[in-house]
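*Asks:* Sharing a structure here in structure tokens format.
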Amino acid sequence: MKKGILIVNLIWSVFELTAQETVKDSTVVNGLKEVVVTAQFEPQSLKKSVHNVRVITSADIQNLAANTLGDILNQYINITVRPSSNTGRSTVSMFGLDAGYFKILVDNVPLVNESGLGNNTDLSQINLNDIERIEIIEGSMGVTHGANAVSGILNIITKKSIKKKWAITATAQEETVGKEFSLFNEGRHIQNLKVAYNISEHWFVSAGSTHNDFKGFLGDLGGKYYSINDGARGYSWLPKEQWQGNALLSYKKNSFRAFYKFEILDEVIDFYGLAAQSGYNSEYGSYKYGEDERYYTNRLYHHLNVVGKLFSRLDYNVSFSHQYQKREVEDFRYNITYDVEMNNSKNKDQSMEVLYSIGTLSNFFKKKRFDIQVGYEAVKNNGFAVVDDDGNQTKEVRKGIDNIDFFAISEINISDTFSIRPGARYSIQSLFDNQYAISLGSRYLLPENFEIRASIGKSFRTPTFEELYSQIIFDGHYFVGNENLNPEKSTSYEISLKKKTVFESGSILSNSLTAGYIDVKDRITSALTGYEGATPVYEYINISQYGSVNFSSTNQFKTENWNFNLGISLTGTSRTIDNLEFSSDDRYLYNLNINGSISYSVPKWKTTFSTYYKYTGKAQQYVAGTDEYILSEIEPYSWLDVSIRKYFWKDKIELTIGSRNLFDITNVNQSNFSQGAGHSASSQLLLAYGRSYFAKLTYNLNF
């Protein structure tokens, strides 16, 4: 905590010193307008947007030398990234609500995963080498983005143009995993190649490929070849190898634009059994073996987008997408003594196939005082899963979840300084009662470059495939889904105040204050609903209530060479959980986040020095004990990343070196950790694999 307070005081003192300069009108300064596209009628500046949009720039992504989206979002206040060493997945939560309430899109199209569309997205499966910028909107976005956009949305804007005729980029990145590294068997090794070409004035094409090879983290375990039967075989973080490829073809002429994008992901995760057992057969005699598994994930992504005008006036924007993701599991016995796999059996475990389309029509009126946008969103979602069944058997579940939505949004510019934006959506559901979402946003520009924004929105979250159809059955435990679940209802409120100050020197100081509240009704929770013989049966039902209140402030100061950022947020969450045996306390539990970054550029050296810091305060939640809910606490921790980025040889070569997790965080203590079935104990949460060092070398050829 002392480290966090020290850095906060340092950055804040800089803000106070710079505020003593003389102010001039910001309208005379060029280059201040940041254009955003998420939830807009058309691309427009941040200042004109009714929504409170936050932008993560390509410069931040480059300075961090991030290898997953989690490395980027880990520095963002109000967002908590939770990686899993057991599954290799990394997900995000906002305002205490998990990844099922937060929607991730690529070029305004939600991304498929094994659990659904846009939600519960694995951050480690997103290609970072094609990102132009990231736009984040907090709060209810159900009108513009449909179901499950309860706590917010994240839209990844990909690169679709180059300035020269040709652009060829080749990248190699080497990174330690804690203290573990070798060129082939330890650490993380990333390679990327991208080629882009302007075929003509109207046609553009690009293609790229990325290989991300994470060799796992041993920690206190012995690895794949460990043959002593003491429970220490395997990896603390599972090895994972990814291949990603993408291609883009675009055309533009006058007001007409179109692009087709294709992406493919192949991922392999290796799981090693902790026990090194003894075996014998006629071919090998006596040998040591482990019961191992291999998880294969494949994803195909197609996206066609067309933008233009109808009748020389109306603006249309239509996207069509086909996405498919599946996971296969290969079980086998690994012969440690002879380095041979035996009894291999490979089966499909999960899949999700989606046909998706969204379209809008706007610019109905000549006068810009009033405009309306109408649109539709259609989703056909076919899911497959292998679940447990009685008698130690399994069964296949194939279900479809479809919806077609219609929405309308109007933007009313009452004056040059005051705008309001009402909107409504009606969703026709195949499995549930039809749903609706409504919203009202406003923006008011005050003198002295003050901006006020306020919004209210009602949205909904539909149950996931797992909540509806899952079955996990083993000795003493029985956890099942519920096909009769109802969608959750939510209401969100937000108000923000922004101020931008431009000084005579050209320096810019930006400050914002935001307050928000989210209320969720009929939240889905697993509860004890009966007994199967002597075994308790836990089933998903609509019983919990949830409330979240958030206060945050972001501050940025830019000079010619310096860039300072400081953010602080306090989030309180209240959950009323009733498992039909006893209920939890509904008091608010608070979590403090502080982040700060400093970057300094030396133009003469073509070098940028960057530091990114985040403090995550104590997190609390109630977990089920034997006869009551017990308060579980995760201790606070601090995270620090540093890097140096330099250009060489007429900017053709870019070198970035640095360290991630400089404070060497691995485990954090979690008291009263729930172990299921009413048991709780103190534990440690495996958060990271310690301090790592990286070097990233990029060759840029533009001609």
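*Asks:* Using a 10 Å cut-off around each Cβ, can you sort HIS51, HIS189 from fewest to most neighbouring Cβ atoms?
*Replies:* By the 10 Å Cβ count, ascending, the order reads HIS189, HIS51.
*Asks:* Just how large is the dipole of the chain about the Cα centre, in debye to the nearest 20, putting +1 at every Lys and Arg Cβ and -1 at every Asp and Glu Cβ?
*Replies:* 3720 debye
*Asks:* Sorting THR491, THR514 on the 10 Å Cβ count, fewest up front, what's the list?
*Replies:* THR491, THR514
*Asks:* Would the stretch 150-264 count as rounded, prolate or oblate if I go by the C-alpha gyration tensor, calling it rounded below 1.5 in a/c and otherwise prolate when a/b exceeds b/c, oblate otherwise?
*Replies:* Judged from the Cα gyration tensor, the stretch 150-264 comes out prolate (a/c at least 1.5, a/b above b/c).
*Asks:* Could you tell me whether the chain comes out rounded, prolate or oblate from its Cα gyration tensor? Rule is a ≥ b ≥ c as square roots of the eigenvalues, rounded for a/c under 1.5, then prolate if a/b exceeds b/c, otherwise oblate.
*Replies:* Rounded, since a/c falls under 1.5.
*Asks:* Which of ALA149, GLN393, ILE634 sits closest to the plus end of the dipole of the chain, meaning its Cα is farthest towards the positive end, when Lys and Arg get +1 and Asp and Glu get -1 on the C-beta?
*Replies:* Value computed over the given set: ALA149.
*Asks:* To the nearest 20 Debye, how big is the dipole of the stretch 86-163 about its Cα centre, given +1 on the beta carbon of each Lys and Arg and -1 on that of each Asp and Glu?
*Replies:* I would put it at about 220 debye.
*Asks:* Then there is this: Only helical DSSP H runs with n ≥ 4 go in: add -39500 (n - 2.57) per run for the chain, normalise by residue count and round the 222 nm mean residue ellipticity to 500 deg cm²/dmol.
*Replies:* Estimated from H runs of four or more residues: -1500 deg cm²/dmol.
*Asks:* To continue, here is another question. As I understand it, the dipole of the chain uses +1 on the Cβ of Lys and Arg and -1 on the Cβ of Asp and Glu, about the Cα centre. Which of ASN661, GLN40, ASN127 lies farthest toward its positive end?
*Replies:* Result: GLN40, furthest along the dipole toward the positive end.
*Asks:* A follow-up question, please. Hey, which of these cross-link pairs are over 24 Å Cα-Cα: LYS261/LYS346; LYS240/LYS606; LYS160/LYS348; LYS252/LYS606; LYS48/LYS367; LYS346/LYS380?
*Replies:* Correct reply: LYS261/LYS346; LYS240/LYS606; LYS160/LYS348; LYS252/LYS606; LYS346/LYS380.
*Asks:* Full-extension gain between PHE364 and GLU283, please, as 0.36 nm times their residue separation minus the C-alpha to C-alpha distance.
*Replies:* Taking 0.36 nm per residue and subtracting the Cα distance, the gain is 21.4 nm.
*Asks:* Classify the stretch 100-224 from the C-alpha gyration tensor, please: rounded if a/c falls under 1.5, else prolate or oblate depending on whether a/b exceeds b/c.
*Replies:* Oblate, because a/c is 1.5 or more while a/b does not exceed b/c.
*Asks:* Compute the signed sum of charges (Lys and Arg +1, Asp and Glu -1) over the other residues within less than 11 Å, Cβ to Cβ, of TYR287.
*Replies:* 0
*Asks:* Something else: For the stretch 199-338, what's the relative contact order in percent, using C-alpha pairs closer than 8 Å and at least 6 residues apart?
*Replies:* That works out to 21 percent.
*Asks:* Got a sec? How would MET342, MET94 order by Cβ neighbour count within 10 Å, fewest to most?
*Replies:* Result, fewest neighbours first: MET342, MET94.
*Asks:* Okay, moving on. In degrees, nearest 10, range 0 to 90: what is the angle between the Cα axis of helix 2-18 and the longest Cα principal axis of the chain?
*Replies:* For 2-18 against the chain, the angle is about 10 degrees.
*Asks:* Would you grab the residues whose amide H sits under 5 Å from the one on ILE336? Only those 5+ places off in sequence or on another chain, please, with H modelled 1.01 Å from N.
*Replies:* Sorted by chain and number, the residues that satisfy this are LYS288, TYR289, GLY290.
*Asks:* Here's a follow-up. If the reach is capped at under 14 angstrom between alpha carbons, list the aspartates and glutamates near LYS604, excluding any in the same chain fewer than eight residues apart.
*Replies:* Reachable aspartates and glutamates: GLU560, ASP651.
*Asks:* Once you charge only the Cβ atoms, +1 for Lys and Arg and -1 for Asp and Glu, what is the size of the charge dipole of the stretch 566-644 about its Cα centre, to the nearest 20 debye?
*Replies:* For the stretch 566-644, the charge dipole is close to 940 debye.
Throughout, read-outs are computed from the coordinates displayed, never taken from laboratory work. The structure displayed is predicted, hence computed values, not measured ones. Don't worry about glycine lacking a Cβ; one is built from the backbone with ideal geometry, like all the others, and counts go over all protein chains shown.
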